[in-house]
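Step one of this worksheet: look at the structure below.
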Amino acid sequence: MSEFQQVVKEGAENVGRRVKRFFLYLLGILVVCGLLFVWISGWTYSEGTRAGELIKISTKGVVFKTHEGQINLGGFESGSDGVVGNIWNFSTTKNAVFDRLQELEGSKVKLHYRQRYKPMPWQGKTVYFVDGVEVIPGN
């Protein structure tokens, strides 16, 4: 093999190593960014309670089944459709909470929730996640 062919072969090997190293770095950066996004999406932005009449609890979704519900907070609010009921949508990831909510449908309840920045699609359709239920006495 001539000296020119040897130099070309070594250059091609160097380019191959550089390309491989670039794609490994790129893959590492994408994995770290993905893990960071999943970690941040679990952060609690705010938490609190809301009380009202539980009007709906269901399981929704085609690929990811999520537990979704609505409570009527009472009163009215103005919107683009005129005056409408004050409805609050929420999700829950806990089966025990979902089962308890199914028992209490139609009752007045106080729900403890956590608001997340951006939930994953398999967690729920809203940013509000209920993790506790109390029955309001006097129903």
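The values are calculated or read from the model by the stated rules, or taken from the named source; none is laboratory data. Worth saying up front: this structure is predicted, and the values here are computed from it rather than measured. Cβ sites come from the backbone with ideal geometry, for glycine too, and all protein chains shown count toward neighbours. Note: accessible area is taken over every heavy atom of the protein model, side chains too, but ligands, DNA and RNA are not part of it. Shrake-Rupley method; radii C 1.70, N 1.55, O 1.52, S 1.80 Å.
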Top-ranked residue of segment 38-55 - restricted to ones that are under 14 Å from the mean Cα position of the chain (by Cα) and exposed (fewer than 12 other Cβ atoms within 10 Å of the Cβ), ranked as modelled with the highest pLDDT: Tyr45
Qualifying position, being in contact with a strand residue (DSSP E or B) (Cβ under 8 Å, 6 or more places away or on another chain) and of a type in the set (A, V, I, L, M), among Val127, Val62: Val127
Of all residues making up segment 91-103, the number that are β-branched (Val, Ile, Thr) and part of a helix (DSSP H, G or I): 1
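Results for (1) open to solvent by 20 Å² or more (accessible area, probe 1.4 Å); (2) in a loop (DSSP other than H, G, I, E, B); (3) touching an Asp or Glu at 6+ places or on another chain (Cβ under 8 Å); (4) acidic (Asp, Glu), shown as yes or no for each residue.
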| position | (1), (2), (3), (4) |
| --- | --- |
| Ile57 | no, no, yes, no |
| Val63 | yes, yes, no, no |
| Gly69 | no, no, no, no |
| Val84 | yes, no, yes, no |
| Glu105 | yes, yes, no, yes |
| Val109 | no, no, yes, no |
| Arg114 | yes, no, yes, no |
| Lys118 | yes, yes, no, no |
| Phe129 | no, no, no, no |
Selection from segment 43-73 of residues that are within 19 Å of Val84 (Cβ to Cβ) and free of Cβ contacts under 8 Å to residues at least 24 places away in the same chain: Gln70, Asn72, Leu73
Failed item in (1) modelled with pLDDT of 90 or more; (2) among the hydroxyl-bearing types (Ser, Thr, Tyr); (3) in a strand (DSSP E or B), with Tyr25 passing the rest: (3)
Whichever residue in segment 86-103 is in contact (Cβ under 8 Å) with a residue 40 or more places away in the chain and within 18 Å of Lys65 (Cβ to Cβ) and, among such residues, is surrounded by the fewest Cβ atoms within 10 Å (Cβ to Cβ): Gln102
